[in-house]
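Enquirer: Sending over a structure as structure tokens; questions will come in a sec.
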Amino acid sequence: MASSHIILPKEEEEEEKEAAAVAEAGLGVGVEADHDSPAQRPYQEQAPGKAALPFSATCVRISRDSYPNLRALRNASTMALHDDDAAFVKIEEGDFGYVLDDVPHLTDYLPDLPTFPNPLQDHPAYSTVKQYFVNADDTVPEKVVVQKNSPRGVHFRRAGPRQRVYFESEEVKACIVTCGGLCPGLNTVIRELVCGLSHMYNVSNVFGIQNGYKGFYSSNYLPMTPKSVNDIHKRGGTVLGTSRGGHDTKKIVDNIQDRGINQVYIIGGDGTQKGAYEIYKEIRRRGLHVAVAGIPKTIDNDIAVIDKSFGFDTAVEEAQRAINAAHVEASSAENGIGLVKLMGRYSGFIAMYATLASRDVDCCLIPESPFYLEGEGGLFEYIDRRLKENNHMVIVVAEGAGQDLIAQSIPAADQQDASGNKLLLDVGLWLTHKIKDYCKSKKMEMTIKYIDPTYMIRAIPSNASDNVYCTLLAHSAIHGAMAGYSFTVGMVNGRHAYIPFHRVTSTRNKVRITDRMWARLLSSTNQPSFLSQKDIDAAREADKAANAKNQSAPALANGEK
């Protein structure tokens, strides 16, 4: 059975020797002063001629009392993962229930790599920063709301520049690829990756992979410079082009190896991050000196663990325009109804946040919360009552909502797109016809306007908030790749962190209908919940099961907040 890289206790003599070796090598020094960092250690430069210690030398020690639990944790982690995934999981434990779900590092399989001083230490822009290297022991907690006696819980490695790097600037050959659907901010991330590599680390060889994963082996690599990407953030879409599918791991890594690429930056959703994980595993099997950095992208905000994905704020802001247009149309007609369909295949975050921000919406329908049309407490009854009270109403529906209801009336083939996503039926169009039929049966005069701004929302440039977020994500990705890590980068509880690939691909972030945020929406719209007691009990049981899973196997915690 493959090892899951859990660090077991050592004898005291071994610990003392290792501690002395760490101190002699000068690991974890020259760190950033920060309110949540440990006490700072004096700056010590690594002794000339000394090889860097293996990454495991910085692992947190655990008490011998926790040995049985740790062995059980290792076994649980290994059994829950695919056989070829278990070897890439790195779990470290500390006192008071501290668990570090760590990311892989080049020295995990290339232990004798040389290190180099980080060029940032001589960078004029950073000269005013008191200490600009992140402490080697800094981690970010997955959860920040705890009780007095709660264990410290799962943590991730904090993002940021390290004192030593594993690439010489002139030897770096980096490539950037965008995959999947469009999203506001793609060009901003591309721009900041190119400019950050050039301006912070003096990297001159950066290439763009055109048209998604297949571009690795079917297109010429596009040289990119700060000048060539100077104003691309002002446009929507991606200058590199994108596509779904086309992921041939062997061909991709063959081209990475043949072209001498040693840093790969991959921008895309959960399917794309799964592909990035497969690329990393093949790179590791071949023993290549290559770092893989994933930057998660999805307009639906359904990536697990992270606070939000870039482009989400822009999408919600743009959705307001469609909702406002629907409200104007509805309020200008007798018994007017404005129906807006927003993106959200499996998760209704855009619909929920756009509804909360608008205050003009009377009903919001999302995939996570089932609804029904007829009978007491159904949607038709609510529409009837709302029109009598206010003479108009606005309905927002996520594209993945009500698919089970549509399937009952419209037979559909089980088809998928190139990314493996099930093709959805148009819930907005279906609901429009159903509402028309209901009002006709009631002999009620009614005007309904259906607005579908789906592709308008995802094709626009990112707003100011997302531009800043994209910049920070790109810089964090660069710092991590230069330091030799392979990871997905994201913001966790307001701090940027390096997250293992398997954590963002093993599950999907969804709206929790038992959470306060959904309750706030229901109270804002005053709509019925459409939920039976059976639905509520099932949702609560699912939450309990997820929490139990988090506690028993932190390596696979799904990151629900």
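Enquirer: Which condition from (1) modelled with pLDDT of 90 or more; (2) open to solvent by 20 Å² or more (accessible area, probe 1.4 Å); (3) within 28 Å of residue 245 (Cβ to Cβ); (4) of a type in the set (A, V, I, L, M) is the one that residue 444 breaks?
Expert: Of everything listed in (1) modelled with pLDDT of 90 or more; (2) open to solvent by 20 Å² or more (accessible area, probe 1.4 Å); (3) within 28 Å of residue 245 (Cβ to Cβ); (4) of a type in the set (A, V, I, L, M), residue 444 misses just condition (3).
Enquirer: Select from the stretch 115-132 the residues that are modelled with pLDDT of 90 or more and within 29 Å of the chain's Cα centre (by Cα) and list them in ascending order.
Expert: In the first step, residues of the stretch 115-132 are kept if they are modelled with pLDDT of 90 or more; the result is 115-120.
Answer for the stretch 115-132, where residues must be modelled with pLDDT of 90 or more and within 29 Å of the chain's Cα centre (by Cα): 118, 119, 120.
Enquirer: Could you say whether any residue in the stretch 328-336 is in a helix (DSSP H, G or I) and open to solvent by less than 10 Å² (accessible area, probe 1.4 Å)? Spell out how you get there, then give the answer.
Expert: Step one: of the stretch 328-336, the residues in a helix (DSSP H, G or I) are 328-331.
Narrowing further to those that are open to solvent by less than 10 Å² (accessible area, probe 1.4 Å): 330.
Within the stretch 328-336, one or more residues are in a helix (DSSP H, G or I) and open to solvent by less than 10 Å² (accessible area, probe 1.4 Å).
Enquirer: From 373, 379, 342, which residue is within 30 Å of residue 238 (Cβ to Cβ) and of a type outside the set (Lys, Arg)? Please lay out each step first, then the result.
Expert: Values: 373 fails: within 30 Å of residue 238 (Cβ to Cβ); 379 fails: within 30 Å of residue 238 (Cβ to Cβ).
The conditions single out 342.
Enquirer: Among the residues of the stretch 342-366 satisfying the criterion of being of a type outside the set (Phe, Trp, Tyr) and farther than 17 Å from residue 525 by Cβ, which is least open to solvent (accessible area, probe 1.4 Å)?
Expert: Looking only at the stretch 342-366, we keep the residues that are of a type outside the set (Phe, Trp, Tyr), and these are 342-345, 347-348, 350-352, 354-366.
Still in the running and farther than 17 Å from residue 525 by Cβ: 343, 345, 347.
Working: 343: 22, 345: 50, 347: 0 Å².
Filtering the stretch 342-366 for residues that are of a type outside the set (Phe, Trp, Tyr) and farther than 17 Å from residue 525 by Cβ, the one least open to solvent (accessible area, probe 1.4 Å) comes out as 347.
Enquirer: Just checking, does the stretch 519-530 include any residue being at pLDDT below 85, assigned to a helix (DSSP H, G or I) and of a type in the set (A, V, I, L, M)? Walk me through how you get there before you give the answer.
Expert: Applying the first criterion (at pLDDT below 85) to the stretch 519-530 yields none.
No, the stretch 519-530 has no match at all.
Enquirer: Can you tell me which of (1) open to solvent by 40 Å² or more (accessible area, probe 1.4 Å); (2) assigned by the TED database to the domain that holds residue 196 is the one residue 523 doesn't meet?
Expert: Here residue 523 clears every test but (2).
Enquirer: Inspect all residues belonging to the stretch 173-189 and state whether any of them is surrounded by fewer than 22 Cβ atoms within 10 Å (Cβ to Cβ), over 18 Å from the mean Cα position of the chain (by Cα) and either under 16 Å from residue 293 (Cα atoms) or of a type outside the set (Lys, Arg) (or both).
Expert: Checked against the condition, which is being surrounded by fewer than 22 Cβ atoms within 10 Å (Cβ to Cβ), over 18 Å from the mean Cα position of the chain (by Cα) and either under 16 Å from residue 293 (Cα atoms) or of a type outside the set (Lys, Arg) (or both), the stretch 173-189 yields at least one hit.
Enquirer: Okay, next question. How many residues are open to solvent by less than 10 Å² (accessible area, probe 1.4 Å), closer than 28 Å to residue 340 by Cβ and modelled with pLDDT of 95 or more if we restrict to the stretch 456-510?
Expert: Residues meeting the conditions: 2.
Enquirer: For the stretch 143-172, what are the residues that are touching a Gly at 6+ places or on another chain (Cβ under 8 Å), modelled with pLDDT under 95 and surrounded by fewer than 24 Cβ atoms within 10 Å (Cβ to Cβ)?
Expert: 143, 146, 150, 151, 152, 153
Enquirer: While we're looking at this one, here's another question. Pick out the one residue from 264, 239 that is in contact (Cβ under 8 Å) with a residue 12 or more places away in the chain, assigned to a strand (DSSP E or B), of a type in the set (A, V, I, L, M, F, W, C) and at negative phi. Lay out the reasoning, then the answer.
Expert: Details: 239 fails: assigned to a strand (DSSP E or B).
After applying the criteria, what remains is 264.
Enquirer: Does the stretch 227-241 include one or more residues that are open to solvent by 10 Å² or more (accessible area, probe 1.4 Å), closer than 25 Å to residue 469 by Cβ and hydroxyl-bearing (Ser, Thr, Tyr)?
Expert: Yes - at least one qualifying residue is present in the stretch 227-241.
The values are calculated or read from the model by the stated rules, or taken from the named source; none is laboratory data. A quick note: this is a predicted structure, and the numbers were derived from the prediction, not measured. Note that we place each Cβ from the backbone using ideal geometry, even for glycine, and neighbour counts take in every protein chain shown. Ligands, DNA and RNA are excluded from the accessible area calculation, which covers all protein heavy atoms including side chains. Shrake-Rupley method; radii C 1.70, N 1.55, O 1.52, S 1.80 Å.
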